[in-house]
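Working notes for the structure below.
What follows draws every value from the coordinates through simple rules; no lab data is involved. Keep in mind that this is a model prediction, so the values were computed, not measured. Neighbour counts run over all protein chains shown; Cβ positions are idealised from the backbone, glycine included.
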Amino acid sequence: MSFFKFIKTKKFFLHLGLSLLIAFLVMWGGLKWVSSFTRHDITVKVPDFTGKPIAALNDFIKDKQLRYQIIDSIYSPQQTTGTIIRQDPEKESEVKENRVIYLYVTSMLPPQIEMPKLVDRSVRQAVAMVESYGLKVNIKYVADACKNCVIKQFYKGKEIEPGTRIKKGSLIELQVGKGNGDMETMALPNLIGMSFCDARSKIQSSALQVGSIIADKTVSDTCEALVYRQTPAPGNDHEVSTGAKIDLYITADKSKVDALSDEDK
């Protein structure tokens, strides 16, 4: 029987049908096996790890069908040491079971940096450098012919040489010259509505000083708190001498700031 005659017979169509059925069953079974093996259609929701202490992670994750790995530590003085401050993937993400969640934890110790040379710089330059190094600054004005020049730099009450290694976030005190003759006067900056940290930077870069800090009961994070009052009060006709102190009243209640702004309109 020739091939062309055979493909027209019932026997050929029967064999063809059986072959296609077997191929379909093999492919279907293979896909089912792969699906059950990879469990690609089963996901879990990533919980929020932020704020959790390292010691509590094993208990926290034991019923979550996930794993975790701490991959980096970040120094953050506003956060409790040894706690999670960031994660990847983010919370509420859908991931496969047994996925590794990468965690970033607050460092136990601040990093060390080299003390910059601030002496002989202007107070504006010095303040900008201090902030770029992650340090804090306090300014004290003293009698000296070089007005607004940094005369000395101190750390913990003692003069500190440039290049000395200190902890990031340390407080540096600068002695700044008043200059001869009458003190220079300047318009008082308006700090209302600014965060405390921004207001402090503005004061220091203006060759002024932060005076008293009066926080109301809503304040838990001083840096992010808002200035709702200052003494002396701002105004176009209000001038102060170089080195003058400005008292700041701060709050976490934005409505306090808005209320005072409405009064000034």
Checklist outcome for this item: Here the net charge surrounding CYS149, from other residues whose Cβ is less than 12 Å away from its Cβ (Lys, Arg +1; Asp, Glu -1), is +3
Next on the checklist: Quick check on the exposure proxy: order ILE84, ILE70 from fewest to most C-beta atoms within 10 angstrom.
Outcome noted: ILE70, ILE84
Next on the checklist: Using each residue's phi in the stretch 82-99, evaluate 6.51 cos²θ - 1.76 cosθ + 1.60 at θ = phi - 60° and report the 3J(HN,Hα) Karplus result to the nearest Hz, with x for Gly and Pro.
Outcome noted: x, 10, 7, 10, 7, 8, 9, x, 5, 4, 6, 5, 9, 9, 6, 4, 6, 5
